[in-house]
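What follows is a single structure, written as structure tokens, with notes after it.
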């Protein structure tokens with residue numbers, strides 16, 4: 001299977017009716033055989049920001065700004081541990097939701113690696129459903 005090549009291209013986008021924006025040095029993945037171009041989700045997000053700026057300021061040409069690519073969040077360790085425990089017990093998010101009397105999307109949010117707002121009460125309730133104990137441990141940060 002042929003892998004796409006990383007390249008930097010100049011691309012023109014329609015910002016609004018009658019307003020085109022040319023962006024230089026856009027990181028792209030180019031298929032070596034077909035020439036098909038694709039952008040990562042982070043580059044798409046950064047391009048959306050640039051298009052918004054261009055529309056506001058009436059710009060028709062910009063340099064791509066890599067600083068606009070969203071940084072990947074560190075997965076939440078509590079969510080990861082809850083998911084690990086759930087799988088170890090052979091349970092599903094839907095089963096936990098039923099046991100807690102909440103809707104499955106709420107449990108899905110608690111298990112999401114991007115969710116960083118678990119209350120101790122929520123953790124305790126989930127642990128109870130999983131027939132587990134909660135242990136809180138503080139340790140020095142990795143440097």
Item to complete: Read through the labelled values [x] 60, 41, 37; [y] 54, 32, 26; [z] 50, 49, 21 and report the label of the one computed as Cα extents along the principal axes in Å from the structure.
Response: [x]
Discussion item. Test of understanding: what is the full-extension gain from residue 61 to residue 44, defined as 0.36 nm times their sequence separation minus their Cα-Cα distance?
Written reply: 4.4 nm
Practice prompt. Please determine, in degrees from 0 to 90 and to the nearest 10, the orientation of helix 41-57 with respect to the longest principal axis defined by the Cα atoms of the chain, where the helix direction is its Cα long axis.
Written response: 50
Worksheet item: When the C-alpha atoms of the stretch 96-143 are aligned to their principal axes, what extent does each axis show, in angstrom, from largest down?
Response: 40, 23, 13
Worksheet entry | Full-stretch length increase - residue 103, residue 118 - with 0.36 nm per residue and alpha-carbon distance subtracted | 3.8 nm
Response to the item:
The helix 77-88 Cα axis meets the longest alpha-carbon principal axis of the chain at an angle in degrees, between 0 and 90 and rounded to 10, of 60
Fill in: Relative contact order of the chain, pairs being alpha-carbon contacts under 8 Å that are 6 or more residues apart, as %
16
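Just so you know, all these numbers are worked out from the coordinates, no wet-lab data involved. Every value quoted in this text rests on a predicted model; they were computed, and no experiment measured them.
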